[in-house]
C-alpha cells in the first residue's frame with residue numbers, strides 16, 4: 001500500500017507528477033495536415049506539385065516566379081535608390097518600391113497556386129497578365145523595346161500556357177484511385 005504524506009490542510013491525494021514534454025526532432029514532426037508524413041513545408045508540396053504538373057503549367061509557373069523575382073528585385077532597388085541624394089520625391093520613390101515588393105509577393109503566391117493547379121489562382125493570374133499588355137504596348141510605342149518586348153511576350157506566353165493547361169472550363173482535380181466511377 002502506498003503511503004501518502006499528509007499535509008495539514010491538504011487533500012490527502014498524491015501530488016500530481018509533472019510530465020516532461022518529449023523532445024522531438026525535426027524528423028519526428030509531421031505535417032499539420034498529414035501528421036503521418038514528414039514535415040516538408042510549402043516547398044515540399046511545391047516539389048510534389050511540380051512533379052505532377054503538366055508542361056504548360058510548369059512553364060506558366062516558372063515565368064510567374066521570374067516575374068515575381070524581378071518585381072521584388074526592382075522594388076528593393078527602388079527603395080534603396082529612394083535614400084539617394086539625386087531623388088526629387090523620396091516619398092514617391094519609397095512608396096513605388098514598396099508597391100513593387102508587395103506586387104512581387106502577390107505574383108509569387110500566384111506562381112505557387114498555378115503550380116499546384118489551384119482553380120482559384122488561374123483567374124487572378126490571367127487578370128494580372130492581361131493588365132501587363134497595355135503597359136507593354138505603351139513602352140513599345142514610346143521606343144523602349146528592351147522593356148516593352150519582354151513585358152509583351154512573357155504575359156502572352158503565360159496566358160497561352162494557362163489556356164493550354166486548363167482550357168476555358170473549370171479545373172477538375174484528378175481522380176484518386178484507378179476506379180471508373
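Residue count for region 112-129 satisfying the condition of being farther than 20 Å from residue 54 by Cα and exposed (fewer than 13 other Cβ atoms within 10 Å of the Cβ): 1.
To keep it simple, each residue is scored yes or no on (1) in contact with a helix residue (DSSP H, G or I) (Cβ under 9 Å, 6 or more places away or on another chain); (2) modelled with pLDDT under 90.
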{"residue": "116", "(1), (2)": "yes, yes"}
{"residue": "134", "(1), (2)": "no, no"}
{"residue": "139", "(1), (2)": "yes, no"}
{"residue": "148", "(1), (2)": "yes, no"}
{"residue": "157", "(1), (2)": "yes, no"}
{"residue": "166", "(1), (2)": "yes, yes"}
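Scanning region 109-144 for residues that are part of a loop (DSSP other than H, G, I, E, B) and under 18 Å from residue 58 (Cα atoms) gives 116, 117, 118. Checked against the criterion of being crowded, with 17+ Cβ neighbours inside 10 Å, part of a helix (DSSP H, G or I) and modelled with pLDDT under 90, region 47-56 contains one or more residues that satisfy it. Suppose the filter is assigned to a helix (DSSP H, G or I), buried (at least 17 other Cβ atoms within 10 Å of the Cβ) and modelled with pLDDT under 90; does residue 68 pass it? Criteria not met by residue 68.
The values are calculated or read from the model by the stated rules, or taken from the named source; none is laboratory data. These numbers were taken from a predicted model, which means no experiment stands behind them. Neighbour counts are summed over all protein chains in view; Cβ atoms, including those assigned to glycine, are modelled from backbone coordinates with ideal geometry.
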